[in-house]
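Please treat every number below as a calculation from the coordinates, not as lab data. Note that the coordinates shown come from a computational prediction; the quantities given were computed from them, not determined experimentally. Don't worry about glycine lacking a Cβ; one is built from the backbone with ideal geometry, like all the others, and counts go over all protein chains shown.
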Amino acid sequence: MIHDALTKFKKGRTTIMVTHRLTALALADRIVLMDNGIIAAAGNHHELLQSSALYAKLFHAGRG
């Protein structure tokens with residue numbers, strides 16, 4: 001239900017989402033991954049899964 005609501009809400013808007021639930025990030029057009037206050041990576045979900053070992057590790061750990 002949350003994913004459906006976010007999908008409808010963000011249409012035509014800039015939405016900033018801060019989350020520890022990485023599965024919610026698959027909805028985002030752009031993700032900025034912070035690590036100890038520093039930008040560690042940026043891109044969309046698919047780009048980050050391929051280019052950021054940290055993002056991939058966190059995403060897969062959060063799903064298990």
Requested in this report: Run the dipole for region 2-63 about the Cα centre, Lys and Arg Cβ at +1, Asp and Glu Cβ at -1, nothing else charged, and hand back the magnitude in debye, nearest 20.
Outcome: 220
Query raised in the report: What is the helix-to-structure angle for 53-63, meaning the angle in degrees between its Cα long axis and the longest Cα principal axis of the chain, kept from 0 to 90 and rounded to the nearest 10?
Result: 60
Report task. Excluding residues on the same chain fewer than 8 positions from LYS11, give the aspartates and glutamates whose Cα lies under 12 Å from its Cα. Result -> ASP29
Query raised in the report: Which net charge results for the neighbourhood of ALA5, defined as the other residues with beta-carbon distances under 15 angstrom from its beta-carbon, given Lys and Arg at +1 and Asp and Glu at -1?
Result: +4
**Report entry** Option label - semi-axes √(5λ) of the Cα gyration tensor in Å computed here, alternatives [x] 20, 14, 11; [y] 26, 12, 11; [z] 27, 18, 10
**Finding:** [x]
